[in-house]
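Taking it in order: structure first as structure tokens, then the write-up.
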């Protein structure tokens, strides 16, 4: 059992499960299901051996590393409150068994961000933005545009895409 799911005596009482969206490290807080006054840190990761960087696809899914279990409605409410920023940013979502092997278009390195912001055609730039649905990735693109003094129209397109994504998350 991974550290995230240390309550093996409660496994038959799982209320909900959550997983991270991007293929990287996501951490937050939870409460001890046996004593909700205690807060405990948790981390969800994808191991390097579970991801193919050239194709940007997860090759293997390790449940204990990528899923956190919540055991009751009160614990779930506190979990969602303690990690509300992660849910709003699209970094954490409810886990369904069919989520296992998925593409991760939001897992991009700095070179990919730079490639996107250098696209000259606004139509192609907008099409490239549509491939991203994580607030964190879009904010990285936005910040690079600002830092490099790129066109106002590109900044506005990113702002519009961020609004679309945030509206879905909220």
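Throughout, read-outs are computed from the coordinates displayed, never taken from laboratory work. The structure presented is a predicted model; accordingly, all values stated were derived computationally and were not measured. Because the Cβ atoms are built from the backbone with ideal geometry, glycine has one as well, and the counts that use them run over all protein chains shown.
In terms of its Cα atoms, the stretch 3-99 spans 44, 28, 21 Å along the principal axes, sorted from long to short. Put simply, when 110-119, 87-96 are sorted by average Cβ atoms within 10 angstrom per residue, most first, you get 87-96, 110-119. Across the stretch 110-169, C-alpha contacts under 8 Å between residues 6 or more apart give a mean separation that, scaled by the residue count, equals a relative contact order of 36 percent. Between residue 124 and residue 62, the simple spin-label model (points 7 angstrom out along Cα→Cβ) gives 3.9 nm. Counting Cα-Cα pairs of the stretch 13-170 in 5 Å increments starting at 0 gives whole-percent bin shares of 1, 8, 17, 18, 17, 14, 11, 7, 4, 2, 0, 0.
Once you reduce the stretch 113-170 and the stretch 63-87 to the center of their Cα atoms, the two points are 29 Å from each other.
More than 18 Å apart: what percent of Cα pairs in the stretch 110-169 qualify?
On the way: 383 of 1770 pairs.
Tail of the P(r) past 18 Å holds 22 percent of the pairs.
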